[in-house]
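Colleague: Structure below; questions to follow.
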Amino acid sequence: MIQKTLVLIKPDGVQRGLIGEIIKRLEQRGLKIIAMKMVQADRILAEKHYTESITEKHGEKARISLIDYIMYGPVIAMVVQGSSAITLVRKIVGATFPGDADIGTIRGDFTHMSKARTRQINKGYNLVHASENEEDSKKEIGLWFSDKEIHDYKLSAEDYLLG
Ligand code: CDP
Ligand code: MG
């Protein structure tokens, strides 16, 4: 099934000069970038992006620090499309805590902060956000992009890559 997913290169990814590296990994897998921009998130956007589901998962302290972290500097926001793109992008990104992320994933290749350290400093520096499921991707794409900013075009290699 062709899916769309929201990908953010978080402020640590932008500030470490990894924009190109991260985009390259999505493109080389054959995924199609159908929207992209640099955004300085304000608190309203950050709070809508990281909702109570984060509190349920990791606690309110993690959510508060995550909201500050996503606002710390500009991010690159993208909508990425492809066959099972939601799962595929999360595979390319790797596990939440970079110390657990497989080598070959973005988090596994460019950082390695442990879960323990993340908890200690209460900052999950892990370079990328990627939507977790269909419901989240719809909500998140709507938060970061207007319909006009999302484009429809054909990749020249699409017939060989997608499906
Ligand atoms: O990003 P991902 O979907 O893999 O993980 P998540 O469970 O949705 O958590 C969102 C983000 O919260 C993570 O990417 C980490 O940056 C951050 N986090 C944190 O700062 N402290 C934690 N204890 C857990 C997550
Ligand atoms: Mg998540």
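Just so you know, all these numbers are worked out from the coordinates, no wet-lab data involved. Not measured: the values here are computed from a predicted model. Glycine also receives a Cβ, built like all others from the backbone with ideal geometry; neighbour counts cover every protein chain displayed.
Colleague: I'd like to compare 1-10, 90-99, 151-160, 15-24: which one has the highest average count of other Cβ atoms within 10 Å, and what's the full order after that?
Modeller: On the way: 1-10: 21.0, 90-99: 18.9, 151-160: 10.1, 15-24: 14.6.
Sorting 1-10, 90-99, 151-160, 15-24 by mean packing, highest first, produces 1-10, 90-99, 15-24, 151-160.
Colleague: Residue-wise, which Karplus ³J(HN,Hα) couplings in Hz belong to segment 45-56, taking 6.51 cos²θ - 1.76 cosθ + 1.60, θ = phi - 60°, and x for glycine or proline?
Modeller: Going residue by residue, I get 5, 4, 6, 6, 6, 9, 8, 4, 4, 5, 4, 4 Hz, with x marking Gly and Pro.
Colleague: Please give the contour-minus-distance gain from SER146 to ASP102: 0.36 nm per residue of separation, less the Cα-Cα distance, rounded to one decimal in nm. Before the final figure, lay out the partial values.
Modeller: On the way: separation 44, 0.36 × 44 = 15.84 nm, distance 3.42 nm.
Extra length available between SER146 and ASP102 comes to 12.4 nm.
Colleague: If you average 1/r across every pair of different Cα atoms in the chain and take the reciprocal, what Kirkwood value do you get, in Å? Spell out each step's value before the answer.
Modeller: Numbers: mean 1/r = 0.0623 Å⁻¹.
That comes to 16.1 Å for the chain.
Colleague: Which residues' amide hydrogens lie under 5 Å from the amide hydrogen of LYS4, considering only partners 5 or more residues apart or on another chain, with H built in the peptide plane?
Modeller: none
Colleague: Spelling out what I want: for every residue of segment 100-117, take phi, set θ = phi - 60°, compute 6.51 cos²θ - 1.76 cosθ + 1.60 (Karplus), and round to whole Hz; glycine and proline get x.
Modeller: Residue by residue, segment 100-117 yields 9, 6, 5, 4, x, 8, 4, 5, x, 9, 10, 7, 8, 4, 7, 4, 4, 5 Hz.
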